[in-house]
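Every number in this text was worked out from the coordinates using simple rules, so none of it is lab data. Because the structure is a prediction, the values reported are computed rather than measured. Cβ sites come from the backbone with ideal geometry, for glycine too, and all protein chains shown count toward neighbours.
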Amino acid sequence: MCDKKEKYYITTAIAYTSKKPHIGNTYEAIFTDAIARYKRMQGYDVFFMTGTDEHGQKIQELAEKAKISPKQYVDNIAGEIKSIWDLVGTSYDKFIRTTDNYHEETVKKIFKKLYEQGDIYKGFYEGWYCTPCESFFTETQLVDNKCPDCGRDVIYSKEEAYFLKLSKYQDRLLKYIEENPDFVRPESRKKEIINNFIKPGLQDLCVSRSSFTWGIPVDFDPKHVTYVWIDALSNYITGLGYTFDNKGKNYLKYWPADLHVIGKDILRFHMIYWPIMLMALGEPLPKHIYAHGWMLFGQDKMSKSRGNVIYADDLVKLFGVDATRFYSLSEMPFAQDGSITYESFISRYNSELANTLGNLVNRTVAMCNKYFEGIVINKNIVQDVDKQLIALAKTSVENYNKKMEELKVQEAIHEIWELVRRSNKYIDETMPWVLAKDETKQDRLNTVLYNLIETIRIIAVMLAPIMPATSENIFKQINSDEKTLDSINTFGKYASNTKVQKASPLFERIDEVKKLEEIEKSKEVETVEKEQEKTNLISIDELDKVKLNVGKILEARRVEGTNKLYCLTIDLGTEKRTIVSGLVPYYTEEELINKKVIVVTNLKPAKLRGIDSNGMLLAAGDGDIVKLITVDGDVELGAKVH
Ligand code: ME8
């Protein structure tokens, strides 16, 4: 236990707002949340920050494709990410977005300061660039002429860029890593980075780009934008209110970070660039970095093209929040990759949640109600089997604390379930239903049920960081407020003579066949939707919404003060309409008169240069050539186009 005032600053990586996050990204938020909750239970003053990484070429391109502004694009995805983090119960204290104004302003200052002190210099970047990964590669780094990270096509590019001098700090960095052996966990990944990147000599890092604009402008050279890592990594301090002029209350209180939780693919950036940036800024380095493994679908990397991406919100719909937290946390071993499949989810849900934990709580609470109207009193009629249960509860708590401390959440969960299983065995051994039939065994029965309820309370405390709602549900059923970590160091804190509530199942068993069918069906719907999205198909009803009619241009006059616009009068047979159209570069007034054209007649009116325009003409082409779609032959004015 810590001194109440000790702080603990914990962060996740900030997720890219390029697409909806899958269960791998969400795992990281859940894992970090579990540690943050545990630290709070230990008495730390925790600050937990997470958020979104919103700049870069890829996002600019995706926004262009979606025909919206990059800001609109990232607003949508950041909103989605935040709502998924909220859905799975992430108890963050701050959600930072790299498009937040304070962040952008501070990043500009960081860039400028590093430039002014000579740590950033201007040069040229020449190399192979992978847009999706936003990374440059040398010829020799390519694999079969493709990106070595994602296998996609790369493009050759040369551009003026700013660079951060990494080599200058190489020795200091190595010394820091050597002097702080638990700076980076796991050991294996740390060694890999030292041997493959630091020892061979650090290459200076490209920190600006000028070939796209969606980024934080370089203050003194605005045709450049800050290139991802200086922008993204700074979030860990800007989110605490760090600026140069004023470090801010939270920065002074919480920095350096006690733990950065990240995925293995971005360890290099956190183990090399981030400490060097901080050294250059003269700020202390984070205490620990933990690089977790990859969440795979079966044995494969999750990817949209393989159609095997699993999303947390879908899992929550199928199995609930706590089961999703439990499953993802218990499928990811420390320092290795984890694997997720629907089949194993269903199987673990049924065996570990519904049968093992659910049954333990359900039958114990039900027996308290059945035999003693819910009121259990510890009569201390002790037998050897009780001592075994109590001893195991003690070791489970010790091991659980040790594992949580070491960030081995999967193993901590394993410790909890050892105790759950032992408790079920204790029921089989003590056979309360047999004791219940014997008048002389009532005190023994009370003792047995008390031991069970107390063990369940201990289990509920340990479950709190993993499955917060389930833990609360158990506390409610056993009617206890003894929820602290301290309280489980001693067996017997459950108040004797408490009335438990009615039993209600924690987890309903799942019918595997039905659930798998449900999953298959939802995949089919998704595939159809995706296909439609891909080909941009619209239904006949959607087409029907657009009303097209034949009209004749009666008049055309230039709109004053513009180079492009005509104000046209169109005859639609039963009515005349005014339509403002940008046809000046393509037609003279004379050419337009009497043309039979196709008019969108149910378009919302718009005011253009003070003129109410009421419809639109169909035309083809762009750039230098634009031609009106005209109607051949004798067609009545106003005729419907179909
Ligand atoms: O890397 N399993 O963002 P991101 C487990 N913006 N973790 C995974 C994973 C998987 N299948 N796929 C990704 C970024 N992650 C940067 C971070 S931090 C200053 C900038 C992890 O959205 C990944 O390793 O691609 C990272 O830690 C996090 O999810 C967000 O990934």
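Couple of notes before you dig in:
- Here the chain is treated with +1 on each Lys and Arg Cβ and -1 on each Asp and Glu Cβ, and its dipole about the Cα centre works out to around 1120 debye.
- Cα-based convex hull volume of the stretch 541-628 per residue, rounded to whole Å³: 99
- Using C-alpha pairs below 8 Å separated by at least 6 residues, the relative contact order for the stretch 541-628 is 28 percent.
- Using the Cβ-Cβ distance between K158 and F197 with R0 set to 25 Å, the FRET efficiency from 1/(1 + (r/R0)^6) comes to roughly 0.55.
- As a calculated quantity, the FRET efficiency between Q383 and K499 at R0 = 30 Å, using C-beta atoms, amounts to about 0.75.
- The stretch 435-473-the stretch 275-327 distance, computed between alpha-carbon centres (Å): 35
- Dipole of the chain, positive end: most advanced residue of A335, G561, L278 [Cβ charges, Cα centre]: L278
- Cross-link pairs K304/K523; K39/K253; K19/K158; K253/K287; K65/K607 - those with Cα-Cα distance over 21 Å: K19/K158; K65/K607
- Separation of the K547 and L174 label points, Cα + 7 Å toward Cβ, nm: 7.8
- Across the alpha-carbon set of the stretch 193-280, the Rg to Rh ratio works out to 1.00, Rh being the Kirkwood radius.
- Look at the dipole of the chain built from charges on Cβ: of Y251, Y400, Y450, the Cα furthest out on the positive end belongs to Y450.
- When the helices of the chain are scored as -39500 (n - 2.57) per DSSP H run of n ≥ 4 and the total is divided over every residue, the value at 222 nm lands at -12500 deg cm²/dmol.
- Rg and Dmax of the stretch 400-508, based on Cα coordinates, read 14.8, 49 Å.
- Exposure proxy order (Cβ contacts within 10 Å, fewest to most) of V207, V434: V434, V207
- Neighbour counts of C-beta atoms inside 10 Å place C206, C368 in the sequence C206, C368, starting with the fewest.
- Nearest-0.05 FRET efficiency for K287 and E512, computed from C-beta distance (R0 41 Å): 0.35
- Annotation: Cα Rg of the stretch 1-92 relative to the compact-globule expectation 2.2 N^0.38 Å equals 1.29.
- In this structure, the amide hydrogen of S339, modeled 1.01 Å from its nitrogen in the peptide plane, lies closer than 5 angstrom to those of L296, counting only residues at least 5 positions away or on a different chain.
- Long pairs among K476/K521; K317/K483; K5/K168; K301/K425; K5/K82, criterion Cα-Cα beyond 32 Å: K476/K521; K5/K168; K301/K425
- For the chain, convex hull of alpha carbons as volume per residue, Å³: 223
- Rg [Å, one decimal], Dmax [Å, integer] - the stretch 487-620, C-alpha atoms: 32.3, 98
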